[in-house]
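*Asks:* Shown below is the structure under consideration.
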Amino acid sequence: MQREYIFPGQLIQREAELKSQFLSHVEFVPEGERIKQCIQCGTCTGSCPVSFAMDITPREIIALFRAGEIQKILNSEAIWLCVSCYSCQTRCPQQIRLTDIFYVLKQLAIQNKIFSKTIKVHQLRETFLTMLNEYGRLNETLLMIKFILKTNPLKGIRFLPLATKLMIKGRLSFRNKGIKNKEVLRSIIKKSKEISLPVEKFKPSYKEDAVGYKAIS
Amino acid sequence: MEYTYYPGCSLHSVHKPYDISCRAVFKALGINLIEIEDWNCCGATFYMSIDEVTSIAVAARNLALAEKYNLDLIAPCSSCFTILNKANKFMKNNETLFLSVNRVLREVGLEYKLSVRVRHPLDVLVNDIGFEIIKLNVKKSLSGLRIANYYGCQIVRPDKYFDDRENPTSMDNLFEMLGAKSVYYPAKVKCCGGMLPTIKEEIADDLIFEILYRAKENNADLIVTTCPLCQMNLEAYQKKVEDKFKEKINIPIYYFTQVLGVALGLNENDLAINKNFILSEKLEKIIKEESTLEV
């Protein structure tokens, strides 16, 4: 890849785009702008139950964001490992809504079609959303079967003893009747996707120079 | 008293026992639960990572349907509880979002005015109904039972809903009042791994093991939980982590409504206790006992 030379205090084109996408999403998060108040104390990383398995930790993610390295964050495994336990967000002394910001990063990665190769959460989500669009409700049994068939049927065999046990206890059902007004829900999903609010609509005051770097557009 | 009720998808399939016991407990206390007609999946954590407007709109349909009753909404599943609360919070915070969601809802003949309060059954039991009324309905004492109260993540965080975020005590107090001993349990708000056992099991094992081990270490007879996913992870993968960490644990995991139901004199079928994998001998004994307390 050709290296793009930039002056200090400037972002390369790709980073500038990502940053503006990011900021337009953060707009939705209540008090999302608090991200600029991070003091890099590491409480988030210390509280995170899965940080031991992350390639970059939550604290490093904010540091990378500040350094104008959003691309690096999106390529990481870390954002897909977050299990939404909200420990970081609860304990952050600066009250940064970190778990919600992780969602923003996931959105950004999905928008730019960047997915983790080892963590199959993407396939699980696809299966989940297809079922939701189709029936309006989930059936965990069918969800798991479809997910296993989609990813690794051989590895899925490890779930067999559990499935048998659940079946004996009468906790499995293979029918998803769904909701009555499936059409209504589908139209809600379709319409709300259309009004995905355009970036230009939001010109937050903190957008420029918020994290020490000015984005060139 | 009356409440609207949003069971969610989990409680309609694998976690039927939670649904059954929850309804039974409220019925025994004389509270009417009205299930929202034709509710849809809340979208869980997955829609949130695709698009805000869609995720909020999917959740808001349920809130709009519930609003017609003008009652508080009970959501027993921790994930539904968080998502519905989050939808409320995001819409209150951002007017553009609120208006866009309502524009979508209006096209299908719905409207949401942000007036629904989303509550967890534990919150309703402890703070609305109160210990006095529960006490009047108690048929059996749980004395001798050592309980580890596991709250999980999403009913105590991220915002302060009805209990402390680091050391919640409402469930501890509830079971102490019923005669049981709530043991010291440092893992009470630790994460069980959520959907990780499905997608990255080796990490989930560590999390599950700690939660189970801390209960065993403090000689708990059973763990009670408020979340369907936690119940599944702790119960279904218990054998696996026992083998992996070479530590025999064998501790039963109950939904908190099942144990509360036992104290209210309900039988095994009312609470669907037989559908659990591991049963507590002590609790089974209490179920078989005749009512000992005077009503």
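The values are calculated or read from the model by the stated rules, or taken from the named source; none is laboratory data. What you are looking at is a predicted structure, and each value in this text was computed from that prediction instead of being measured. Using ideal geometry, Cβ is built from the backbone for each residue, glycine included, and neighbour counts are taken over all protein chains shown.
*Asks:* Can you tell me which residues in segment A:61-72 are surrounded by fewer than 21 Cβ atoms within 10 Å (Cβ to Cβ) and in contact with a helix residue (DSSP H, G or I) (Cβ under 9 Å, 6 or more places away or on another chain)?
*Replies:* The answer is A:Leu64, A:Arg66, A:Glu69, A:Gln71, A:Lys72.
*Asks:* Here is a further query. Name every residue in segment A:73-91 that is facing chain B (nearest Cβ under 10 Å) and either surrounded by fewer than 22 Cβ atoms within 10 Å (Cβ to Cβ) or in a helix (DSSP H, G or I) (or both), in order of residue number.
*Replies:* Residues of segment A:73-91 facing chain B (nearest Cβ under 10 Å): A:77, A:79-91.
Selection gives A:Glu77, A:Ile79, A:Trp80, A:Leu81, A:Ser87, A:Cys88, A:Gln89, A:Thr90, A:Arg91.
Here's the yes/no breakdown for (1) in contact with a Cys (Cβ under 9 Å, 6 or more places away or on another chain); (2) under 26 Å from A:Arg171 (Cα atoms):
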site: B:Thr4; (1), (2): no, yes
site: B:Asp19; (1), (2): no, yes
site: B:Val53; (1), (2): no, no
site: B:Tyr69; (1), (2): no, no
site: B:Ile74; (1), (2): yes, yes
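*Asks:* Okay, next question. Taking the condition of a type in the set (S, T, N, Q) and over 28 Å from B:Asp19 (Cα atoms), does B:Asn102 pass? Give the derivation first.
*Replies:* On the way: of a type in the set (S, T, N, Q): yes; over 28 Å from B:Asp19 (Cα atoms): yes.
So B:Asn102 passes the test.
Residues checked against (1) within 13 Å of chain B (Cβ to nearest Cβ); (2) out of contact with any Pro (no Cβ under 9 Å at 6 or more places or on another chain):
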| residue | (1), (2) |
| --- | --- |
| A:Glu15 | no, yes |
| A:Leu18 | no, yes |
| A:His25 | yes, yes |
| A:Pro30 | yes, yes |
| A:Gln37 | no, yes |
| A:Cys41 | no, no |
| A:Cys44 | yes, no |
| A:Val50 | yes, yes |
| A:Arg59 | no, yes |
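*Asks:* Considering each residue of segment B:14-48, count those that are within 24 Å of A:Ile189 (Cα to Cα) and assigned to a loop (DSSP other than H, G, I, E, B), and give that number. Reasoning before the result, please.
*Replies:* Narrowing segment B:14-48 to residues within 24 Å of A:Ile189 (Cα to Cα): B:35-48.
Narrowing further to those that are assigned to a loop (DSSP other than H, G, I, E, B): B:36-43.
Matching residues across segment B:14-48 total 8.
*Asks:* Among the residues of segment B:110-123, are any of a type in the set (Ser, Thr, Tyr), surrounded by 23 or more Cβ atoms within 10 Å (Cβ to Cβ), outside the structural domain of B:Thr169 (by TED's automatic domain parsing) and over 22 Å from B:Ser49 (Cβ atoms)?
*Replies:* Quick first cut of segment B:110-123, residues of a type in the set (Ser, Thr, Tyr) only: B:112, B:115.
Going one step further and asking which of them are surrounded by 23 or more Cβ atoms within 10 Å (Cβ to Cβ), we end up with B:112.
Still in the list and also outside the structural domain of B:Thr169 (by TED's automatic domain parsing): B:112.
Among the residues that remain, those that are also over 22 Å from B:Ser49 (Cβ atoms) are: B:112.
Taking every residue of segment B:110-123 in turn, at least one turns out to be of a type in the set (Ser, Thr, Tyr), surrounded by 23 or more Cβ atoms within 10 Å (Cβ to Cβ), outside the structural domain of B:Thr169 (by TED's automatic domain parsing) and over 22 Å from B:Ser49 (Cβ atoms).
*Asks:* Select, from B:Leu266, B:Leu260, the only residue that is closer than 21 Å to B:Ser291 by Cβ, in contact (Cβ under 8 Å) with a residue 12 or more places away in the chain, assigned to a loop (DSSP other than H, G, I, E, B) and outside the structural domain of B:Arg23 (by TED's automatic domain parsing). Give the derivation first.
*Replies:* Values: B:Leu260 fails: assigned to a loop (DSSP other than H, G, I, E, B).
B:Leu266 is the lone residue from the list that is closer than 21 Å to B:Ser291 by Cβ, in contact (Cβ under 8 Å) with a residue 12 or more places away in the chain, assigned to a loop (DSSP other than H, G, I, E, B) and outside the structural domain of B:Arg23 (by TED's automatic domain parsing).
*Asks:* For segment A:180-194, name all the residues that are within 27 Å of the chain's Cα centre (by Cα) and at the interface with another protein chain (Cβ under 7 Å from one of its Cβ atoms).
*Replies:* Restricting attention to segment A:180-194, the residues satisfying the condition of being within 27 Å of the chain's Cα centre (by Cα) are A:182, A:184-194.
Within segment A:180-194, A:Val184, A:Leu185, A:Ser187, A:Ile188, A:Ile189, A:Lys191, A:Ser192, A:Lys193 qualify.
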